[in-house]
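Report on the structure given below.
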Protein chains: 2
Amino acid sequence: MDAHDLFLCPICSNIPDNQRGHFVRALTFKTKFFEKGARIAGQGDPVHALYTLLEGSVKAEMVSESGTVLNIEVIRAPNPLAPAFLFAKNNRFPVDVVALEPCKLIIISKESVIKQLASNETFLQGFMTYNSDRVHFLSERLKLLSTKTIKGKLAQYILARTKHMDFVLDMNQTALSEYFGITRPSLSRSLSEMMHEGIISLKGKRGKVLDLGKLRKAIMQ
Amino acid sequence: MDAHDLFLCPICSNIPDNQRGHFVRALTFKTKFFEKGARIAGQGDPVHALYTLLEGSVKAEMVSESGTVLNIEVIRAPNPLAPAFLFAKNNRFPVDVVALEPCKLIIISKESVIKQLASNETFLQGFMTYNSDRVHFLSERLKLLSTKTIKGKLAQYILARTKHMDFVLDMNQTALSEYFGITRPSLSRSLSEMMHEGIISLKGKRGKVLDLGKLRKAIMQ
DNA sequence: TTATCATTGTAACAAATGTTACGTTTTTCG
DNA sequence: CGAAAAACGTAACATTTGTTACAATGATAA
């Protein structure tokens, strides 16, 4: 068992080799293992430590009291779990975290995280960058979901992947429809319509933008 | 002109009095003023510094090349502008920032932000907490927008404000409909239906939850 | 009070999206 | 290669939401 797996995690991966021994020795942490299906953290539990997933994968889910479940996200190793909530005013897990397979976690005390943030600039940058990228990701996702029409979402998605009027869809239509929060037939219909309207062409995953103006207009509606 | 206004900003407001002089002396910054309508930052500009709004208010907007404008957010003083992007991998402003009224900003170099984060634990905590709360806010907003039906959004919104089966709407219906990204008549219709279905009662801004089970079920659909 | 303006309720109709079902094409894998 | 599975296209119909318009109600200020 080796705490050095920690340096696979994006928060710590930039720490140079010659600082790693010192970094680990300065941490207060414990390693925990969870079996498939085990609850790693519960909705409402206070976040007193940095939970870092070194092996396995977990799902974050909301369980309502009526028993129904809303899947939020799947997180795979190596990645931190909710590092933002360690410092949030309302520092409680917003979801249940359940192991999808056997998991290994390193749980680092908040105090030693703060100490390391203050003393190790690489770690500071890594931690900040991770949370910043998370804000960025959430902002993009929000922008996509606030776009009301399916064609608008498609236009945004396609424009972000277009170079020299060519684009490649990086998911199949089923996955894309879930990403957009819509149904697969509706997505297919909208794609067809955009092709008939001469806005794009598409064969398999590869497509071309035929009318950039119309595509941009579609975002705004 | 006083840089000490900085300590009104939530990122710095926890720094104790006796550290403030030292804190300001250690910063590399400049103060800038913008007139109403002036562009403070442009979409795509690299974020090399921490922009802190001390006076006035700004709007963040996306301008497409077809000329149409999508309003993202209004930020009022005292608050930082996009502090998360200072550390993000793609460290560029995602939007245009335009002054809504005369504005005063303190622009602090990234280097001195890093130096202070490492040397001043209160500042570190403030900065982290701000970004963490931002993640929290965005996650909540995302959860709301991923809820597909209007009644689902309403159920979430109401449940989050319910104590002992009573709730108070903290916006009027026009504002609430914009918050949900829907139209006002549709919101009014859904509210009416929920009342006819015996799920809630509502008079003005005050309401009661009549059927908690049905309200919770509404979120999941 | 009264005139004015903002807010809310609601109805008729239009448009967009979901639902269900099924046939076709493409991919995967033995 | 060939069978099975996955992905995709599409049609008919149901449901939800948007659009537009107007009346009713409530709040505000002269």
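If A:L159 satisfies all but one of (1) farther than 22 Å from B:T183 by Cα; (2) at pLDDT below 90; (3) not small (G, A, S), what's the number of the condition it fails?
Going through the list (1) farther than 22 Å from B:T183 by Cα; (2) at pLDDT below 90; (3) not small (G, A, S), A:L159 breaks only (2).
Restricted to segment A:141-185, and to residues that are among the β-branched types (V, I, T) and either farther than 22 Å from B:L145 by Cβ or away from DNA strand D (no atom under 14 Å from the Cβ) (or both), which residue is farthest from the other protein chains (Cβ to nearest Cβ)?
Among them, the one singled out is A:V168.
Got a number for residues in segment B:1-30 being part of a strand (DSSP E or B) and surrounded by 14 or more Cβ atoms within 10 Å (Cβ to Cβ)?
Residues that pass the stated criteria total 1.
Can you find even one residue in segment B:47-54 that is assigned to a strand (DSSP E or B), touching a Gly at 6+ places or on another chain (Cβ under 9 Å) and at pLDDT 85 or above?
Within segment B:47-54, none of the residues are assigned to a strand (DSSP E or B), touching a Gly at 6+ places or on another chain (Cβ under 9 Å) and at pLDDT 85 or above.
Of the residues that sit in segment B:186-198 and are surrounded by 12 or more Cβ atoms within 10 Å (Cβ to Cβ) and small (G, A, S), which one is farthest from B:K148 (Cα to Cα)?
B:S188
Specify the residue that is surrounded by the most Cβ atoms within 10 Å (Cβ to Cβ); the eligible residues are those in segment A:113-140 that are acidic (D, E) and within 7 Å of chain B (Cβ to nearest Cβ).
In this case the residue turns out to be A:D133.
If B:M171 meets every condition in (1) near DNA strand C (Cβ under 9 Å from one of its atoms); (2) touching a Leu at 6+ places or on another chain (Cβ under 7 Å); (3) assigned to a loop (DSSP other than H, G, I, E, B) apart from one, which number is that one?
All conditions are met except number (2).
The conditions are (1) in a helix (DSSP H, G or I); (2) more than 12 Å from DNA strand C (Cβ to nearest atom), and A:G207 fails exactly one of them. Which is it?
Failing condition for A:G207: (1).
Just for segment B:158-168: of the residues that are in a helix (DSSP H, G or I) and away from DNA strand C (no atom under 16 Å from the Cβ), which one is nearest to B:R189 (Cα to Cα)?
Only one residue tops the list, namely B:L159.
Taking B:S201, is it exposed (fewer than 13 other Cβ atoms within 10 Å of the Cβ), within 14 Å of DNA strand C (Cβ to nearest atom), at pLDDT 95 or above and part of a helix (DSSP H, G or I)? Full working, then the answer.
On the way: exposed (fewer than 13 other Cβ atoms within 10 Å of the Cβ): yes; within 14 Å of DNA strand C (Cβ to nearest atom): yes; at pLDDT 95 or above: yes; part of a helix (DSSP H, G or I): no.
Judged against the criteria, B:S201 is not a match.
Which residue is nearest to B:F127 (Cα to Cα), if the candidates are limited to segment A:122-154 and must be at pLDDT 90 or above, part of a helix (DSSP H, G or I) and within 16 Å of DNA strand C (Cβ to nearest atom)?
A:K153
The values are calculated or read from the model by the stated rules, or taken from the named source; none is laboratory data. Only a predicted model underlies this, so the values are computations on that prediction, with no experimental measurement involved. In this analysis, Cβ positions are derived from the backbone assuming ideal geometry, glycine residues included, and neighbour counts consider all displayed protein chains.
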